[in-house]
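Can you keep this structure in mind? I'll have questions shortly.
What follows is calculated from the coordinates using simple rules that are stated; it is not laboratory data. Owing to the predicted nature of the structure, the values given are computational and were not obtained by experimental measurement. Quick reminder, even Gly has a Cβ in these numbers, built from the backbone with ideal geometry, and neighbours come from all protein chains shown.
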Amino acid sequence: MDTDEPSQVPASRLPLVIDVAFGECDPMGQVFYPNYARWADAAAWHFLAAHGAAAMGIGESAFLPLVAAEMQFLAPSRHGDRLEVVTTVDDLGATSLTLRHTFSGDGVERALVTEKRVHVVPIDGVAVPRLLPDALRQRLTSDRQA
């Protein structure tokens, strides 16, 4: 997205599209698993941008660092595959959110990545958890209900 304004389409319906490149595959021709972590991070920021996170100072004066992640590999992806990553909110805590990234290609789920992020602000060089901004919470909640 080129703006900080949230889309009128629920962000869960704005998948991140990935065209798998040759260099992202292992010698067996399958996607090398760390790429899913990289793509999940890109999908998280794509999703958060669609909810106006940048306009709320996230990434500038406050941050959402990754604190936990889990991956499940369901089917191989290969060079030339086009993957769609759909991101949804699994859980909203007071200071944290858990996102689920579903990777699909050709109608087949390829991988699931679940990640937890905590809203923090830096104070004297230390990341201190803070409540999620109300505006972000409202947008994430309304997207879940759409």
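Can you find, within segment 77-88, the residue that is surrounded by the most Cβ atoms within 10 Å (Cβ to Cβ) among those that are within 17 Å of Ala42 (Cβ to Cβ) and of a type outside the set (Lys, Arg)?
First pass over segment 77-88, keeping only residues within 17 Å of Ala42 (Cβ to Cβ): 77, 81-88.
Retained after the next criterion (residues that are of a type outside the set (Lys, Arg)): 77, 81, 83-88.
On the way: Ser77: 26, Asp81: 19, Leu83: 21, Glu84: 14, Val85: 23, Val86: 18, Thr87: 24, Thr88: 16.
For segment 77-88, the residue satisfying everything is Ser77.
For segment 110-127, which residues satisfy the criterion of being surrounded by 13 or more Cβ atoms within 10 Å (Cβ to Cβ) and part of a strand (DSSP E or B)? Explain how you work it out, then say what you get.
Of the residues in segment 110-127, the ones surrounded by 13 or more Cβ atoms within 10 Å (Cβ to Cβ) are 110-121, 127.
Once the filter is applied, which keeps residues that are surrounded by 13 or more Cβ atoms within 10 Å (Cβ to Cβ) and part of a strand (DSSP E or B), segment 110-127 yields Arg110, Ala111, Leu112, Val113, Thr114, Glu115, Lys116, Arg117, Val118, Val120, Val121, Ala127.
On the given criteria, is Ala49 under 30 Å from Gln30 (Cβ atoms), among the aliphatic types (A, V, I, L, M) and surrounded by 14 or more Cβ atoms within 10 Å (Cβ to Cβ)? Walk me through it before giving the result.
Numbers: under 30 Å from Gln30 (Cβ atoms): yes; among the aliphatic types (A, V, I, L, M): yes; surrounded by 14 or more Cβ atoms within 10 Å (Cβ to Cβ): yes.
So Ala49 passes the test.
Leu74: surrounded by fewer than 21 Cβ atoms within 10 Å (Cβ to Cβ) and either out of contact with any Phe, Trp or Tyr (no Cβ under 7 Å at 6 or more places or on another chain) or more than 19 Å from Pro15 (Cβ to Cβ) (or both), yes or no? Give the steps one after another, and end with the answer.
Numbers: surrounded by fewer than 21 Cβ atoms within 10 Å (Cβ to Cβ): yes; either out of contact with any Phe, Trp or Tyr (no Cβ under 7 Å at 6 or more places or on another chain) or more than 19 Å from Pro15 (Cβ to Cβ) (or both): yes.
Yes.
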